[in-house]
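A.B. asks: The structure that follows is given in the form of structure tokens.
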Amino acid sequence: MTAVTATPPRAAGARSHVLADSMTMLGRQLRHVLRYPELTVIVLMIPVIFLLLFVFVFGGALGAGLGPAAPPGAVGDRGDYAAYVLPGILLLTIGSIAQGTSTSVAMDIQQGIVDRFRTLSISPGAVLSGHALAATLQSVASVVVLVLAGLAVGARPTAGPVEWLLALVLLTGVAFAVSWVSVALGLVSRTVENASNYPLPFVLLPFLGSGFVPTGSMPTVLRWFAEYQPFTPIMDTLRGLLLGTPLDAGTGVVAAGWVAVLTVVGWAWARRAYARPRRS
């Protein structure tokens, strides 16, 4: 039986191959998505169901509460509430895809695929980037579908082309940041089951922020958490861009800061976890 030996790492002059390796790993992940389209459909359908649920079941009552001095029992505009809740559902979508990314990374580890990659002349960063880039592309595609669903149920954003572009850039940045964190979570998970649960906070944060109701309606302790957690400034910035709601300039800076911090932490954590021998 022939022993598998590790291939020596490439010389410093071959670093230009990192991009090619990353594209190869990205292609591998995208082929997985195409091979199992039902998983993508499920990931897409859950946020769409949440959107329909909140707009058509709760939208009348919650929409009434968005306006100033809404009288008791008033029926609000479901279209207004659809526009309000859309940023939260968008981040919920990104969080749901993070669960699949973490699970995919853990499965590669459990099946020995990552160990095989370690023996090949492949940049470690490329192996990780393939998962992160594929998850980002999947998130952006899901965001587009969800925005179309939001328009179909009555959301009427007032954004111009520049605001739409900025919103897309922000959402892409969030997806990229969350993808790197989910890759790291998959690497440190002992089991595939744990890997699917670790990114759950990304799904819960929109609920515990300004995603579905204004933070001012929450109890004091919960309101404090909601106002200072990462997703609230991101959702508020998206509303300012898409709906033209009043937006403090500092909120956008805080949102961009959170995206940068999550990206750097996720990338560094994933690289370190990949380089560290895995414990059984």
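The values are calculated or read from the model by the stated rules, or taken from the named source; none is laboratory data. Remember, predicted model here, so these are calculated numbers, not experimental data. All Cβ positions, glycine included, derive from the backbone under ideal geometry; neighbour counts span all protein chains shown.
A.B. asks: Go over the candidates W269, W180, W224 one by one and state the one that is more than 30 Å from T158 (Cβ to Cβ) and without any contact (Cβ under 8 Å) to a residue 12 or more places away in the chain. Before the answer, list the steps.
C.D. replies: Details: W269 fails: without any contact (Cβ under 8 Å) to a residue 12 or more places away in the chain; W180 fails: without any contact (Cβ under 8 Å) to a residue 12 or more places away in the chain.
Criteria check complete, one pass: W224.
A.B. asks: Return yes when L241 is surrounded by fewer than 19 Cβ atoms within 10 Å (Cβ to Cβ) and closer than 19 Å to A82 by Cα and no when it is not. Show your work before the answer.
C.D. replies: Values: surrounded by fewer than 19 Cβ atoms within 10 Å (Cβ to Cβ): no; closer than 19 Å to A82 by Cα: yes.
Considered against the rule, which asks whether it is surrounded by fewer than 19 Cβ atoms within 10 Å (Cβ to Cβ) and closer than 19 Å to A82 by Cα, L241 comes out as no.
A.B. asks: When you scan segment 250-259, do you find a residue that is out of contact with any His (no Cβ under 7 Å at 6 or more places or on another chain), closer than 27 Å to A126 by Cβ and not in a helix (DSSP H, G or I), even just one?
C.D. replies: No - not one qualifying residue is present in segment 250-259.
A.B. asks: Could you list, in sequence order, the residues of segment 187-196 that are of a type in the set (G, A, S), more than 15 Å from the chain's Cα centre (by Cα) and in a helix (DSSP H, G or I)?
C.D. replies: A195
A.B. asks: May I pose another question? Among the numbered criteria (1) on the phi > 0 side of the Ramachandran plot; (2) modelled with pLDDT of 80 or more, which one does G73 miss?
C.D. replies: Unmet for G73, out of (1) on the phi > 0 side of the Ramachandran plot; (2) modelled with pLDDT of 80 or more: (2).
A.B. asks: I need the full set of residues from segment 209-239 which are touching a Ser or Thr at 6+ places or on another chain (Cβ under 9 Å), of a type outside the set (S, T, Y) and not in a helix (DSSP H, G or I), in order please.
C.D. replies: G209, G211
A.B. asks: Of the numbered conditions (1) touching a residue at least 40 places away in the same chain (Cβ under 8 Å); (2) surrounded by fewer than 14 Cβ atoms within 10 Å (Cβ to Cβ), V259 satisfies every one except a single condition; which is it?
C.D. replies: Against the list (1) touching a residue at least 40 places away in the same chain (Cβ under 8 Å); (2) surrounded by fewer than 14 Cβ atoms within 10 Å (Cβ to Cβ), V259 comes up short only on (2).
A.B. asks: D115 passes all but one of (1) more than 30 Å from V169 (Cβ to Cβ); (2) assigned to a helix (DSSP H, G or I); (3) in contact (Cβ under 8 Å) with a residue 60 or more places away in the chain; which number fails?
C.D. replies: For D115, the failing item is (3).
A.B. asks: Only one of (1) over 22 Å from G150 (Cβ atoms); (2) under 18 Å from the mean Cα position of the chain (by Cα) is not met by F225, so which one is it?
C.D. replies: Single failed check for F225: (2).
A.B. asks: Test L242 against the criterion of being more than 21 Å from A98 (Cα to Cα) and assigned to a loop (DSSP other than H, G, I, E, B), and give yes or no. If you could, list the steps in order and put the result at the bottom.
C.D. replies: Values: more than 21 Å from A98 (Cα to Cα): yes; assigned to a loop (DSSP other than H, G, I, E, B): no.
Answer is no for this residue.
A.B. asks: Go through segment 197-207 residue by residue and tally those that are surrounded by fewer than 18 Cβ atoms within 10 Å (Cβ to Cβ) and either in a helix (DSSP H, G or I) or touching a helix residue (DSSP H, G or I) at 6+ places or on another chain (Cβ under 6 Å) (or both). First the steps, then the outcome.
C.D. replies: Here is the first cut: in segment 197-207, the residues surrounded by fewer than 18 Cβ atoms within 10 Å (Cβ to Cβ) are 197, 200-201, 204, 207.
Those left that are additionally either in a helix (DSSP H, G or I) or touching a helix residue (DSSP H, G or I) at 6+ places or on another chain (Cβ under 6 Å) (or both): 197, 200-201, 204.
Total meeting the criteria: 4.
A.B. asks: Filter segment 160-171 for residues that are in a helix (DSSP H, G or I) and surrounded by fewer than 17 Cβ atoms within 10 Å (Cβ to Cβ) and give the result.
C.D. replies: P161, V162, W164, L165, L168, V169
A.B. asks: Condition check: of a type in the set (S, T, Y) and within 17 Å of the chain's Cα centre (by Cα). Does T245 satisfy that? Quick ask: steps written out before the conclusion?
C.D. replies: On the way: of a type in the set (S, T, Y): yes; within 17 Å of the chain's Cα centre (by Cα): no.
Criteria not met by T245.
A.B. asks: A follow-up question, please. Is there any pair with a first residue in segment 239-256 that is under 15 Å from A155 (Cβ atoms) and a second that is modelled with pLDDT under 85 and among the hydroxyl-bearing types (S, T, Y) whose Cβ atoms are under 7 Å apart and which are 6 or more apart or on different chains, and what are they?
C.D. replies: R239/T245
A.B. asks: Which of the residues that make up segment 110-153 are among the hydroxyl-bearing types (S, T, Y) and under 22 Å from V85 (Cβ atoms)? If you could, list the steps in order and put the result at the bottom.
C.D. replies: Initial filter on segment 110-153 (among the hydroxyl-bearing types (S, T, Y)): 119, 121, 123, 129, 136, 139, 142.
Within segment 110-153, S139, S142 meet the criteria.
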